[in-house]
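The values are calculated or read from the model by the stated rules, or taken from the named source; none is laboratory data. Predicted model only: the values in this text are computed from it and were never measured. No Cβ is skipped: glycine too gets one built from the backbone with ideal geometry, and neighbour counts run over all protein chains shown. We work out accessible area using only protein heavy atoms, side chains counted, and drop any ligands, DNA or RNA first. Shrake-Rupley method; radii C 1.70, N 1.55, O 1.52, S 1.80 Å.
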Amino acid sequence: MKRERSQAYFAKAKDVIPGGVNSPVRACRSVGCDPLFIARASGSKIYDVDGNVFIDCVGSWGPMILGHAHPEVTAALRKALENGTSFGAPILLEVELAELLIEAVPSLEMVRLTSSGTEATMSAIRLARAYTGRKKIIKCDGCYHGHGDAFLVKAGSGVATLGIPGSPGVPEEIAGHTISIPYNDADALAKVLEKEGRHVACFIIEPVPGNMGVVLPREGYLRTVRELTQKHGVLLIFDEVISGFRMSWGGAQSYYGILPDLTCLGKIIGGGLPVGAYGGRKDIMLRIAPEGDVYQAGTLSGNPLAVTAGIATLKILSQKGTYEDLEGKGAYLGENINELIQRYSIPARVNRAGSLMTIFFTKNEVVDFSSALTSDTNCFARFYRNMLEKGVYLPPSQFEALFISLAHTKADLDETLNAAEACLKIF
Ligand code: HOZ
C-alpha cells in the first residue's frame, strides 16, 4: 500500500502539532503504525491522500451513522452556509434541535447545547455539584467522559490506549473529589455510597461503555444503579455521547428503560459537526444561567451549521426501520466474526451493542475495565495492521469501539469478513 504522502504530511504535522495529531488515539501509536491522512470520505468509504480506499469502520468515532457526506445532510449544510456561519445569537434551528432531542430521549425535559461532548460532561457535573451542594463525583474505571480534569482518573479511550494512569496538570484537589469504581459492580457502588453518599453529587456513567471497548451492562445493573443513586440523593448522569441515537432512537436509556437525572449527548446529534448537549430534569436544568446561577457558555454553542447537520441527520434516523437495519448489519458482522474466531481457535471475542462493537483479543468475558485489560494488545495491533492492508479501516486501539453505519452494504460487510478471515486464519 502506498503511504508516501501520509508519511510526509505526518512528518510535517509533528513539527507543528504535538504528536502530529489533534486527538491522541488517532496517532495510531498503540497499533504500531503512522496515521493515514484522509483526503475525503463518502458513504461507507474513506480515501487517504495516497489514493487508497478503505471500508470505514470508525465513522469519525460515531457521528457518521448515516455514512459520510450523506446527500441530504450535505444539501442542508450548503443551504445553511449561504445564510452565514455564526451569529452568537439565538436561532430557531437550535430550538428545533432541542425539541427533537427532548422528543426522542425519554429523560430530557430541557437541554443546553454545547460544542463538544467534553463540554457537556464538564457542565453536567458542575450543575450536579451546584444542585446537590456536594463535591464528590463517582465514575467507573475505563469509562471516558472527555478530557475534563475531574474525569482523568482511571479513564478509558486514549488514556487507556496510551497507558496514562491519570494526567499531570490535574490538581490532586480536583482528582481527589473523583471516586472511580468498577463498571457492572453494583456492590461496589452500594459500598461507596454507604460510606461517602452524603458527599457525592453524582454518579456519571456510560450506560453502555464504548471507551474501554464495548461492554454491556449485566442484567439489572442499570436498574440497581438508578435505585441506589436515588436512595442517596445522588444525581445519575448518563453519558450517552456514544450510545445516544446509536443503541436506539432514545439511546441506551430508552433501550434499557432506565431514566437518569441528566444526560450528556454529542457525536450523532451534530451529524459530523461539533456539537454536544446536556439535559434532563427541568428543576435541575433551571439552575443554569441566565435562568439560574450555574454558569456555562459558548460562542459557537448552537452554531447554525452544526445544528443544521444535527437536525438533518436525526430526521433521517427517525425514519421507520433505521435501527432494525443497523441492528441487522451489526449482528451480521459481529456474529460472523465470532464464527471466524471459533473456526480458527483465536483467543478473542466480540462484544456488541447494535452497530457498535469491539473485538477483544482475550479469552475472558469482558465485563469491566480489568477484564478488558486482559486483552493482548499486540495481537490487536497485528490484526489492525493486517486489516488496514486489506482495505478495512478500524479504530486504532483495543479500547475503542467499531462503528457500522447505514451506508455499509452487505458487500462492504462481506469484504470486511473476508479480510478478517484472511487475517485470522494465519494468526
Ligand atoms: N477519544 C475519541 C474516541 N473515544 C477519539 C477521538 C478522535 O481521535 O477523534
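Read through the list (1) open to solvent by 20 Å² or more (accessible area, probe 1.4 Å); (2) within 16 Å of the ligand (Cβ to nearest atom), then give the number of the only condition that CYS57 fails.
Here CYS57 meets the rest and fails (1).
Name the residues in the range 28-74 that are over 13 Å from PHE403 (Cα atoms), assigned to a helix (DSSP H, G or I) and in contact (Cβ under 8 Å) with a residue 12 or more places away in the chain, would you?
ARG29, SER30, VAL31, GLU72, VAL73
Looking at THR161 and the list (1) open to solvent by 10 Å² or more (accessible area, probe 1.4 Å); (2) more than 16 Å from the chain's Cα centre (by Cα); (3) in contact (Cβ under 8 Å) with a residue 60 or more places away in the chain, which single condition is not satisfied?
Among (1) open to solvent by 10 Å² or more (accessible area, probe 1.4 Å); (2) more than 16 Å from the chain's Cα centre (by Cα); (3) in contact (Cβ under 8 Å) with a residue 60 or more places away in the chain, THR161 violates only (2).
Kindly list, by first and then second residue, each pair from a residue in the range 242-258 that is outside any helix (DSSP H, G or I) to a residue that is among the polar types (S, T, N, Q), limited to pairs with Cβ atoms under 7 Å and residues at least 6 apart or on different chains.
ARG246/SER355; SER248/SER254; TRP249/SER318
Residues to consider are ARG198, ARG218, ARG223; find the one that is under 21 Å from the mean Cα position of the chain (by Cα) and open to solvent by 50 Å² or more (accessible area, probe 1.4 Å).
Values: ARG198 fails: under 21 Å from the mean Cα position of the chain (by Cα); ARG223 fails: under 21 Å from the mean Cα position of the chain (by Cα).
Just a single option satisfies the conditions, and that option is ARG218.
May I ask you to say which residue of VAL225, VAL153, VAL170 is in contact (Cβ under 8 Å) with a residue 12 or more places away in the chain, more than 22 Å from ILE359 (Cβ to Cβ) and in a helix (DSSP H, G or I)?
Details: VAL153 fails: in a helix (DSSP H, G or I); VAL170 fails: in a helix (DSSP H, G or I).
VAL225 is the lone residue from the list that is in contact (Cβ under 8 Å) with a residue 12 or more places away in the chain, more than 22 Å from ILE359 (Cβ to Cβ) and in a helix (DSSP H, G or I).
Report, by residue number, each residue of the range 209-222 that is in contact (Cβ under 8 Å) with a residue 12 or more places away in the chain, at negative phi and not in a helix (DSSP H, G or I).
Those that are in contact (Cβ under 8 Å) with a residue 12 or more places away in the chain, at negative phi and not in a helix (DSSP H, G or I): PRO209, GLY210, ASN211, MET212, VAL214, VAL215, LEU216, PRO217, ARG218.
Identify all residues within the range 17-33 that are surrounded by fewer than 18 Cβ atoms within 10 Å (Cβ to Cβ) and of a type outside the set (Gly, Ala, Ser); write none if there are none.
Within the range 17-33, the first condition is being surrounded by fewer than 18 Cβ atoms within 10 Å (Cβ to Cβ), and the residues that meet it are 17-19, 21-23, 32-33.
Selection gives ILE17, PRO18, VAL21, ASN22, CYS33.
When the residues of the range 167-188 are narrowed to those that are closer than 22 Å to GLU119 by Cβ, surrounded by 15 or more Cβ atoms within 10 Å (Cβ to Cβ) and among the small types (Gly, Ala, Ser), which ends up modelled with the lowest pLDDT?
By that ranking, first place goes to ALA175.
Results for (1) open to solvent by less than 10 Å² (accessible area, probe 1.4 Å); (2) more than 14 Å from CYS28 (Cβ to Cβ); (3) away from the ligand (no atom under 16 Å from the Cβ); (4) in contact with a Cys (Cβ under 9 Å, 6 or more places away or on another chain), shown as yes or no for each residue.
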residue	(1), (2), (3), (4)
GLU365	no, yes, yes, no
SER370	no, yes, yes, no
ARG382	no, no, yes, yes
ALA407	no, yes, yes, no
LEU413	yes, yes, yes, no
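Here are some conditions: (1) loosely packed, with under 15 Cβ neighbours inside 10 Å; (2) in contact (Cβ under 8 Å) with a residue 12 or more places away in the chain; (3) more than 29 Å from PHE238 (Cα to Cα). GLU82 meets all but one. Which one does it not meet?
Here GLU82 clears every test but (2).
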